[in-house]
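Enquirer: Next up is a structure, given as C-alpha cells.
The values are calculated or read from the model by the stated rules, or taken from the named source; none is laboratory data. None of these values were measured; they are calculated from a predicted model. Ideal geometry is used to build each Cβ from the backbone, glycine not excepted, and the neighbour counts take in all protein chains shown.
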Amino acid sequence: MNFDDSAKNWDTDKRINRAKIIANEISNSINIGNNYSAMEFGCGTGLVSFNLYNKFKSITLIDSSKGMIDIVKSKIDKSKIDNMFPYCLDITDEDSLNKKFDVIYSSMVLHHIHDIEAIISKFYELLNEDGYLCIVDLDEDDGKFHKKYPDFHGHNGFNQDEFKNILISAGFKDVQSNTFFYDEKIVEGEKINYSLFLIKGRK
Ligand SMILES: C[S@@+](CC[C@H](N)C(=O)[O-])C[C@H]1O[C@@H](n2cnc3c(N)ncnc32)[C@H](O)[C@@H]1O
C-alpha cells in the first residue's frame with residue numbers, strides 16, 4: 001500500500017471520528033503523568049495525536065511515509081502546536097531514535113509490520129522504566145478489510161491472546177487487551193464488519 005499517495009485524502013470524517021474514540025481509549029487506559037513524553041508509531045496525518053497533545057509534555061511522531069509526514073507538519077504549523085515533533089523514518093530498519101519515552105502508542109499500523117516480535121522488542125527498548133505501550137489494531141479478519149489492496153501483504157488482524165503472549169515474552173508486565181470499537185465499511189460494494197482492540201503493557 002502506498003501511503004504517500006493516500007496522505008492528501010486521508011483525513012475523512014470517518015477517520016477523524018474514529019481517531020477521537022481511539023485517542024480516548026488510549027488516554028483512559030493509562031495514568032498519564034504531568035511530564036510524560038510520548039511517541040506515536042505510524043502517526044499518518046496525526047489524527048490520533050491531535051486529540052492527545054495537550055495530555056503530554058511532548059509527542060514524537062514517527063512515520064515512514066514522507067507524504068504523511070508532510071501533511072502532519074503542515075497541520076502542526078497551521079495549528080501552532082509547539083509540542084509535537086514529526087520525523088520521517090522507519091524504526092524497523094533504522095536505529096536513529098536516541099531517545100526514550102514514557103508512553104508509546106500506535107493505531108492501525110502493526111498489521112502492516114512483518115515482524116511483530118521485533119517491533120514489540122524495539123518498543124520495549126525505547127520505553128522508560130514503567131513506561132506504557134498501547135497498541136490499537138484490527139481483531140482477526142478474513143482478509144476482507146484490505147481486499148481492495150492486492151499489494152497488501154500484512155496481517156489480517158490479530159488474535160488478542162497470541163498478541164498478549166508476544167508482549168509478555170518481550171518483558172512487558174500488566175498486559176491486558178479488550179475490543180472497544182465496532183464498525184462497518186463498504187469494500188468493493190460489500191458491507192464488512194470489523195472491530196478494533198487495544199492492547200497495553202507496562203515496562
Ligand atoms: C493505516 S495507516 C494509520 C495512520 C494513523 N495511525 C491513523 O490511525 O490514522 C498506517 C501508517 O503506518 C505507517 N507505517 C507503516 N509501516 C511503517 C514503519 N515501518 N515505520 C513507520 N511507519 C510505518 C504508514 O506510512 C501509515 O501512515
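Enquirer: Filter the stretch 96-127 down to the residues that are within 22 Å of residue 50 (Cβ to Cβ), charged (D, E, K, R) and outside any strand (DSSP E or B) and list them by number.
Expert: 99
Enquirer: Taking into account only those residues within the stretch 127-156 that are modelled with pLDDT of 95 or more and within 14 Å of the ligand (Cβ to nearest atom), which is nearest to residue 185 (Cα to Cα)?
Expert: Checked the stretch 127-156; the qualifying residue nearest to residue 185 (Cα to Cα) is 138.
Enquirer: Out of all the residues in the stretch 94-104, is one or more crowded, with 22+ Cβ neighbours inside 10 Å and within 14 Å of the ligand (Cβ to nearest atom)?
Expert: Looking through the stretch 94-104, at least one residue is crowded, with 22+ Cβ neighbours inside 10 Å and within 14 Å of the ligand (Cβ to nearest atom).
Enquirer: Taking residue 81 as the residue in question, decide whether it is aliphatic (A, V, I, L, M) and in contact with a strand residue (DSSP E or B) (Cβ under 7 Å, 6 or more places away or on another chain). Explain how you work it out, then say what you get.
Expert: Numbers: aliphatic (A, V, I, L, M): yes; in contact with a strand residue (DSSP E or B) (Cβ under 7 Å, 6 or more places away or on another chain): no.
No.
Enquirer: Could you please tell me which pairs satisfy a Cβ distance under 6 Å, a separation of 6+ or placement on different chains, a first residue in the stretch 93-110 that is within 24 Å of residue 18 (Cα to Cα) and modelled with pLDDT under 95, and a second residue that is more than 9 Å from the ligand (Cβ to nearest atom) and among the acidic types (Asp, Glu)?
Expert: Cβ pairs passing all conditions: none.
Enquirer: Answer yes or no: is there a residue in the stretch 141-157 that is small (Gly, Ala, Ser), farther than 23 Å from residue 56 by Cβ and either touching a residue at least 40 places away in the same chain (Cβ under 8 Å) or not in a loop (DSSP other than H, G, I, E, B) (or both).
Expert: Filtering the stretch 141-157 for residues small (Gly, Ala, Ser) gives 143, 154, 157.
Going one step further and asking which of them are farther than 23 Å from residue 56 by Cβ, we end up with 143, 154, 157.
In the following step, the residues that additionally are either touching a residue at least 40 places away in the same chain (Cβ under 8 Å) or not in a loop (DSSP other than H, G, I, E, B) (or both) were identified as 154, 157.
Checked against the condition, which is being small (Gly, Ala, Ser), farther than 23 Å from residue 56 by Cβ and either touching a residue at least 40 places away in the same chain (Cβ under 8 Å) or not in a loop (DSSP other than H, G, I, E, B) (or both), the stretch 141-157 yields at least one hit.
Enquirer: A further question follows. Which condition number in (1) of a type in the set (Asp, Glu); (2) more than 16 Å from residue 200 (Cβ to Cβ); (3) surrounded by 14 or more Cβ atoms within 10 Å (Cβ to Cβ) is the one that residue 25 fails?
Expert: (2)
Enquirer: State the number of residues belonging to the stretch 49-59 that are within 12 Å of the ligand (Cβ to nearest atom) and in contact with a strand residue (DSSP E or B) (Cβ under 6 Å, 6 or more places away or on another chain).
Expert: Residues in the stretch 49-59 being within 12 Å of the ligand (Cβ to nearest atom) and in contact with a strand residue (DSSP E or B) (Cβ under 6 Å, 6 or more places away or on another chain): 1 in total.
Enquirer: If residue 169 satisfies all but one of (1) in a helix (DSSP H, G or I); (2) under 21 Å from residue 40 (Cβ atoms); (3) among the hydroxyl-bearing types (Ser, Thr, Tyr), what's the number of the condition it fails?
Expert: Result: residue 169 passes all but (2).
Enquirer: Which members of the stretch 72-95 meet the condition of being in a loop (DSSP other than H, G, I, E, B) and among the aliphatic types (A, V, I, L, M)? Spell out the reasoning first.
Expert: Taking the stretch 72-95 first, the residues in a loop (DSSP other than H, G, I, E, B) are 80-83, 89-95.
The answer is 81, 89, 91.
Enquirer: Hey, could you check the stretch 15-48 for residues that are in a helix (DSSP H, G or I) and free of Cβ contacts under 8 Å to residues at least 24 places away in the same chain and say which is nearest to the ligand (Cβ to nearest atom)?
Expert: Just the residues of the stretch 15-48 that are in a helix (DSSP H, G or I), to begin with: 15-29.
Next, from what is left, pick out any that are free of Cβ contacts under 8 Å to residues at least 24 places away in the same chain: 17, 28.
On the way: 17: 12, 28: 17 Å.
Among those residues, the one meeting the criterion is 17.
Enquirer: Determine whether the stretch 111-128 contains at least one residue that is among the acidic types (Asp, Glu) and at positive phi. Explain how you work it out, then say what you get.
Expert: Filtering the stretch 111-128 down to residues among the acidic types (Asp, Glu) leaves 115, 117, 125.
Those left that are additionally at positive phi: none.
Among the residues of the stretch 111-128, not one is among the acidic types (Asp, Glu) and at positive phi, which makes the answer no.
Enquirer: Taking residue 50 and the conditions (1) modelled with pLDDT under 95; (2) out of contact with any Asp or Glu (no Cβ under 9 Å at 6 or more places or on another chain); (3) not aliphatic (A, V, I, L, M), which numbered condition does it fall short on, given that it satisfies the others?
Expert: All conditions are met except number (1).
Enquirer: Report, by residue number, each residue of the stretch 32-49 that is out of contact with any helix residue (DSSP H, G or I) (no Cβ under 7 Å at 6 or more places or on another chain) and more than 21 Å from residue 120 (Cα to Cα).
Expert: Answer for the stretch 32-49, where residues must be out of contact with any helix residue (DSSP H, G or I) (no Cβ under 7 Å at 6 or more places or on another chain) and more than 21 Å from residue 120 (Cα to Cα): 33, 34, 35.
Enquirer: Which residue out of 70, 115, 90 is surrounded by 14 or more Cβ atoms within 10 Å (Cβ to Cβ) and within 15 Å of the ligand (Cβ to nearest atom)?
Expert: Result of the check over 70, 115, 90: 70.
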